[in-house]
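Take a look at the structure set out below.
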Amino acid sequence: MKIASAEVLVSSPGRNFVTLRITTDDGFVGLGDATLNGRELAVASYLRDHIAALLIGRDAHQIEDTWQYLYRGAYWRRGPVTMASIAAVDTALWDIKAKVAGLPLYQLLGGKSRVGCLTYGHASGVDLPELFDSIREHLDQGYRAIRVQTGIPGLDSVYGVASSKNAGAGDSGVSARYDHEPARRSAVPVEESWDTRAYLRHAPTVFEAVRNEFGPELPLLHDSHHRLTPIQAAKLGKSLEPYDLFWLEDVTPAENQAALRRVREHTTTPLAIGEVFNTIWDYRELFEEQLIDYVRSPVTHAGGITALRRIFDYAAVYQIKSGVHGPTDISPVGLAAALHLGIAIPNFGIQEYMKHSAATDELFRPTYFFDGGYLVPGDGPGLGVDYDDLVADAHPYEGAYLPVNRLLDGSMHDW
Ligand code: EZ4
Ligand code: CO
């Protein structure tokens, strides 16, 4: 069974997606997600200009060998563009293998270990009343775990707050955010503002109010989005301890894994990190020193199903669980891959879930479904996701960027 074609498909059904479609000489079709939010065309070029031709004629069954060929063969290792490209090839080949077997992909990964993947949804608001409404809305939809992000008094626009009042803020004069996600269609990034001291004072008051309103049971999560120094992160973790978070995410920038040691010394708030990591190597210190509790890598950015399964197995040795990144910039192909893996592995933790737009679902026709707070992968052969070229043609690529972040004195800060 040889690979006959590898097409790179770029479309924008409400937001941009890069999809790889591999077809074999006997007509099997597999899909892989290669979406890198705000840098989509770099991955499209890597796949189109440097990988597609290498795949033609290869045995579509040789997933591991193809992974090693692309990873070792690039010579230039790791990095988000390379690893998203390899991820797309790997995912598409797993999709094909499962279709050839006539089985849903999770069966090839060991079969179901649970009835579904527990998800968390994103509640947010510029203030407490708006936040409470958002939490109630999510509970009504069936979510059993909730990420909480709010506005901060004195700041115009803050990461993670999908609010009509927040949309269009910043000084770049661009369109509103889409899909409740921060990337906006614009020629240049929107600029947001940040004040760490105001955040550190405000965050515990928000969680206290949420616990008072919604009680002690509801699992609550929070994302600090790489903005703190180790000692600030330690302080935040400590101040949130009374509110019993499920996790605190990305407290420090990802480049310096050793920073987590300092945080860990001071707080028992569980930590999640890794949505911007690319490989197993990024986790080595964090796992071996047990500095984190949850792995945030998605299939899409960590080199595919082959590579992420290896990361999860390594994590399991240290009682660390999965907590896969699942914003809308992970396409339905990437989400489906995460669900097949998540339902099979022994150390599943939680899956992030933001519903895609209707146009996105029309294009990809996912067969996974949301039921009572759980996501369940489709039972048909393969990943259970499609790609409708006609729908895609109606949604051409549009440039979009994630925001940048400045402190109140104008200096650049981590976004
Ligand atoms: O900012 O997916 O936990 N979720 C996140 C996301 C990321 C975006 C970047 O593309 O941090 O909202
Ligand atoms: Co995050």
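Overview of values
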{"item": "Qualifying residue in region 326-339 (condition: farther than 23 Å from Leu9 by Cα, out of contact with any helix residue (DSSP H, G or I) (no Cβ under 8 Å at 6 or more places or on another chain) and surrounded by fewer than 23 Cβ atoms within 10 Å (Cβ to Cβ))", "result": "no"}
{"item": "Subset of region 316-366 that is among the basic types (Lys, Arg) and under 17 Å from the mean Cα position of the chain (by Cα) - its residue that is nearest to ligand 1 (Cβ to nearest atom)", "result": "Lys355"}
{"item": "Residue among Tyr46, Tyr69 that alone is part of a helix (DSSP H, G or I), over 24 Å from the mean Cα position of the chain (by Cα) and among the hydroxyl-bearing types (Ser, Thr, Tyr)", "result": "Tyr69"}
{"item": "Residue that is within 16 Å of ligand 2 (Cβ to nearest atom) and either without any contact (Cβ under 8 Å) to a residue 24 or more places away in the chain or within 23 Å of Ser297 (Cα to Cα) (or both), where the choices are Ile350, Ile343", "result": "Ile350"}
{"item": "Number of the condition not met by Ser297 [criteria: (1) part of a loop (DSSP other than H, G, I, E, B); (2) in contact (Cβ under 8 Å) with a residue 60 or more places away in the chain; (3) over 30 Å from Asp393 (Cα atoms); (4) among the polar types (S, T, N, Q)]", "result": "(2)"}
{"item": "Hits in region 387-406 (condition: surrounded by fewer than 16 Cβ atoms within 10 Å (Cβ to Cβ) and either part of a helix (DSSP H, G or I) or in contact with a helix residue (DSSP H, G or I) (Cβ under 8 Å, 6 or more places away or on another chain) (or both))", "result": "Asp388, Asp389, Leu390, Asp393, Tyr397"}
{"item": "Selection within region 204-235 - within 16 Å of ligand 1 (Cβ to nearest atom) and on the phi < 0 side of the Ramachandran plot", "result": "Pro219, Leu220, Leu221, His222, Asp223, Ser224, Arg227, Leu228, Ala233"}
{"item": "Selection from region 249-284 of residues that are within 16 Å of ligand 1 (Cβ to nearest atom) and of a type in the set (A, V, I, L, M)", "result": "Val251, Ala254, Leu271, Ala272, Ile273, Val276"}
{"item": "Tally, over region 8-23, of residues that are part of a strand (DSSP E or B) and in contact (Cβ under 8 Å) with a residue 40 or more places away in the chain", "result": "10"}
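Listed here are the residues, each with its yes/no results for (1) modelled with pLDDT under 95; (2) within 16 Å of ligand 2 (Cβ to nearest atom); (3) more than 20 Å from Pro13 (Cα to Cα); (4) touching an Asp or Glu at 6+ places or on another chain (Cβ under 9 Å).
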| residue | (1), (2), (3), (4) |
| --- | --- |
| Tyr178 | yes, no, no, no |
| Leu200 | no, no, yes, no |
| Pro204 | no, no, yes, no |
| Glu208 | no, no, yes, no |
| His222 | no, yes, yes, yes |
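The values are calculated or read from the model by the stated rules, or taken from the named source; none is laboratory data. Computed from a prediction, not measured in an experiment: that's the story for all the values here. For neighbour counting, all protein chains shown are included, and Cβ atoms are generated from backbone atoms with ideal geometry for every residue, glycine included.
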